[in-house]
Each structure stands twice: as C-alpha cells, then as structure tokens.
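Just so you know, all these numbers are worked out from the coordinates, no wet-lab data involved. Just so it is clear, the structure is predicted and the values come from calculations on it, not from any experiment. Cβ: placed from backbone, ideal geometry, glycine included. Neighbour counts: every protein chain shown.
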Amino acid sequence: MAGYAPHTDGEIGAMLEALGLATVDDLFAVVPEALRLAGGLQLPAGLPEPDAFARVEQLAGANRPCGPDLVCFAGGGIYDHEVPPVTRALASRSEFVTSYTPYQPEVAQGVLQAVFEFQTLLARLSGLPVANASLYDGAAALVEGVNLGVAASGRHGVLVSAGVPPAWRAVLRTFAAGTGHAVEEIALVDGVTPWEGLDTPSGGTGSAPGVVVVSYPNYLGCLEDLAAARALCDRVGALLVVAFDPVCAGILRSPGDWGADVAVGEGQPFGMPLSYGGPCLGLFSCAMAHVRRLPGRLVGETVDAEGRRAYVTTLRAREQDIRREKATSNVCTNQTLMAVTAAVQLGWLGTSGLAEIALRSARGARYCRQSLLAVPGVEALVDAPVVREFAVSLPVPAAVAVERLAEEGFLAGIALDAAYTGGHDRGLLVAVTERRTRAEIDAYVAAVEKAVR
C-alpha cells in the first residue's frame, strides 16, 4: 500500500546525529559493494488500500481449498479432520490468542494451566511421562528427538526408517549437516522396515547407531514392528524415537507401551484446519530419564508461598536464550496457541471420542481400499496391514490422476516418490478420515475409475 513508512525523516535524522553519521548510506558503508542491491527493487507502484485488498482477494481466489468443491483424500501427515465449533470458539478467545511465552507466572496462570493440561493429555496419549508444548511441527520435533538421542547415547549414528515422512527426513538431513549427525536411511521392504542385520556400525561413524527412528504407522500407512525396533535398540544401546500418528494412537498401543524413549508427532489433526503452510504443532514426549534434555518449554505444577496450586515454566536453563551455545535445544519460541487448541480438541473428544474417530477413519480406509482395488488396473502397492492410510498402484502416472481427479472435485491423494514404488511413477497415497462419508468414497472411486481408463 502506498505511503507506508515506519520512520519519519526527523526520526531518521535524530538517529544519524546520535551515531555521528551524515546519511543513511553511511550507516551501511560497512556492507561490501558486491553484496549491495544494484538498481533497487523492481517493485510496482503502491496501491490504495481498497485496491490492494481487491488484488489479494483475486490471488486468494485462485486457490481451491478443501471443502464441498474439493473433497480431500490426501494425507501424508496433514489430514482433513473435523474441527468442532467448541474448539474454534474456545481456542480463539483473546486470552489465548494474544498470549505469548508465559515468562511471568504471576500474570499467566491461565495460559500456564492450559499448557500443563495439554502436556498431561499428550503424556497419556504417547504413553511417556513427560511432554512439552513448544515445537513448530512434526519435522522439528523429529530433529529435537534425534538431538536428544545423540546427546543421551553419545553416538552420532542415526538409523532412520524410510517410513518416516520424506519431508521430515529432509529437515533432519538439513540439520544433521550442521550438528554432524550421520543419518543412514533404511529402505522399506514390502511396506515395512527390515530390522534384521542392522546391528553393524552406521553412517560411517565406526560405531553402532545411537538413535533409531521409526514411524507408527509409517508414511505408507503400514504398521511397523516396534518390538523388533526396540530389540535392536537394546542390542546396540541406542535410543528409540517413534514418530507416531496421534489419531491412530486412539486405537493402537502407545509408543511408551512399545518401549519408546522419545515419541514425536504432528498435532495438526487436533483442531487445526488444513491451511497452506500451517500452523502446525510438534508433539514431543520422552521418558523421565531424559527430562533435563527435553527441548522447549515445560510447564510444571507446584504451590505458591500460601500453599495454593500454581504453574510455572521449569528447567529453562536448557534453552539457547539462557545457555546460548551450551544449550541442549535451540527452541526459543513456543506454540502455545496451537497447544491450547489441541488440548481443547482432545478434552472435547475424550478417550472414547478419539477412539471413535480412529475407528471411523480405519473402517472408511478399509472400504475405500477394497473399492479401489476392484477398479481394473488398480493394485495394492504393498500388502502390509494398514490403519487409515494406504498406497495403491495405478495404471497411469499418479500425478496425472491427481490432476484429473481435481477436475472431478477430489484431492485424490499424494503421488509417491519412486523410492517407495520400486522406480515407477504410479504410486498413490490415499488417506481417509472420519469426515469422509460412504457417498463421498463411492464418488471418489468412480472418479478414479474414470481417470485411469
């Protein structure tokens, strides 16, 4: 918009005078010429506010959001779950929306209690005793889980199943380039991770792996053998990090029950709608033995000087803003609003409600999978047991099918990378949530049959 300037000429002049400089160019004289922008930015002229809003609305209108006009069968970590009005109403209250990191407990008891309740719910869901509320998304939680595991084991070798979402593994590799972790990926066999023969040194570190990472269920929707993963960790002295689906946890054994040292996940299914780029919520919990390495904010319950229940942030000396380069984590902000949203959603659902959502999703996925496999040319990509997500092989490139189905009003799924398909481009990952009705599934299958002819 035209005419926006954060500082007046008088303010700029006063700053330059205080610095003993004559011009703004003098302020940036230390920047080498080679790094300066030559010729200025090629920006169009400013617009009046109504015209700017009209232009933004025009650009936004080019999007096709999920809803009645585009029924979602895509997943891969972000899902189209129901967000009830109670979640939207409570989570959008100004007390939560305007709050930031609750450094001062004397003025933030409400937010601190809400975060504490979220931690309690996540601890119960993951089967591990301590949880935080500070990570941006599942990928960030995975990175922090690996950092914790490396610090605890003292070994930089990290075995990561290819069943962990590709985007998460990419983020992990990016961070590992700086931390020095040696990441070695384990290819899937028939949709699951082969755990035999992995006791040998990994990643060129000359020692056994210090961390083993597996998804439950994995990216293809298949159930992994966590008992075998735990046995491997016990043999080599590694920590087990489980990237779990928090919705499927409503009907599956928890990561803690399987012996996980750390559980990470994506909290988007708990009250956060599908959006372009977020917001998301990283889920993180761990065994009590690792509480002092737990990244991010941790809210504890105590009593004040008068014996009344009170909540405070605790163990913050781990953070970068306190210990700087000696910190065990570089997470210095938080996701309080998303954590509160997830707490409201979980509190609204309860144990039986979460189980019902998981069961409805699983039953819908089974019906959808059986219906798709009846379409000529559509085959199962793998035969391992699945929960609410599954992969099929189409007779046409999956990317082509996705484009064709979009014209029919369906977000068909995710075209799988060749690494998951044995080299071909026809793999499609399909997800079903409790929102999908039988009529929608039948219409989707009919559209798939039309698209692959």
request  = Per DSSP H run of n ≥ 4, the term is -39500 (n - 2.57); total these for the chain, divide by its residue number, and report the mean residue ellipticity at 222 nm rounded to 500 deg cm²/dmol.
outcome  = -11500 deg cm²/dmol
request  = Work out the FRET efficiency for ALA446 and MET288 from their Cβ-Cβ distance, taking R0 = 60 Å, and round it to the nearest 0.05.
outcome  = 0.70
key: Label-point gap, in nm, between GLU356 and HIS7 - each point 7 angstrom along Cα→Cβ   = 5.8
ask   = Taking K and R as +1 and D and E as -1, what net charge do the other residues with C-beta under 13 Å from the C-beta of LEU27 add up to?
value = -2
Inter-site label distance for ALA38 and ASP225 at 7 Å from Cα along Cβ, in nm = 6.3
Relative packing of peptides 85-96, 342-353 - highest average C-beta neighbours within 10 Å first = 342-353, 85-96
note = Taking Rh as the Kirkwood radius computed over alpha-carbon pairs of the chain and applying Stokes-Einstein at 10 °C with viscosity 1.306 mPa s, one gets a diffusion coefficient in µm² s⁻¹ of 65
request  = Round to the nearest 0.05 the FRET efficiency obtained for ALA305 and GLU82 when R0 = 45 Å and r is the Cβ-Cβ distance.
outcome  = 0.50
task = Please give the net charge around PRO385, taking every other residue with its beta carbon less than 13 angstrom from that of PRO385, where Lys and Arg add +1 and Asp and Glu add -1.
result = -2
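Provide the gained length on full extension for the span ALA317 to THR437, in nm with one decimal, where the gain is 0.36 nm per separating residue minus the Cα-Cα distance.
On the way: separation 120, 0.36 × 120 = 43.20 nm, distance 4.93 nm.
Result: 38.3 nm gained on full extension.
May I ask you to compute the full-extension gain from ALA89 to ARG363, defined as 0.36 nm times their residue separation minus their alpha-carbon distance, rounded to one decimal in nm? Don't jump to the answer; show the numbers that get you there.
Details: separation 274, 0.36 × 274 = 98.64 nm, distance 3.00 nm.
Stretched out fully, the ALA89 to ARG363 stretch lengthens by 95.6 nm.
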Contour minus Cα-Cα distance for ARG64 and ARG453 (0.36 nm per residue) = 137.5 nm
remark   = For the stretch 207-357, shape from the Cα gyration tensor axes a ≥ b ≥ c, cut at a/c of 1.5 then a/b versus b/c, turns out oblate
query = What distance in nm separates the simple spin-label points at ASN330 and VAL24, each placed 7 Å from Cα in the Cβ direction?
reply = 3.1
ask   = What's the Kirkwood radius of the stretch 85-344 in Å, using all Cα pairs?
value = 18.7
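Going through the DSSP H helices of the chain, which span 27 Å or more along their own axis at the Cα atoms while scoring at least 0.0 as a mean Kyte-Doolittle hydropathy?
Going by DSSP H runs, the hits are 336-373.
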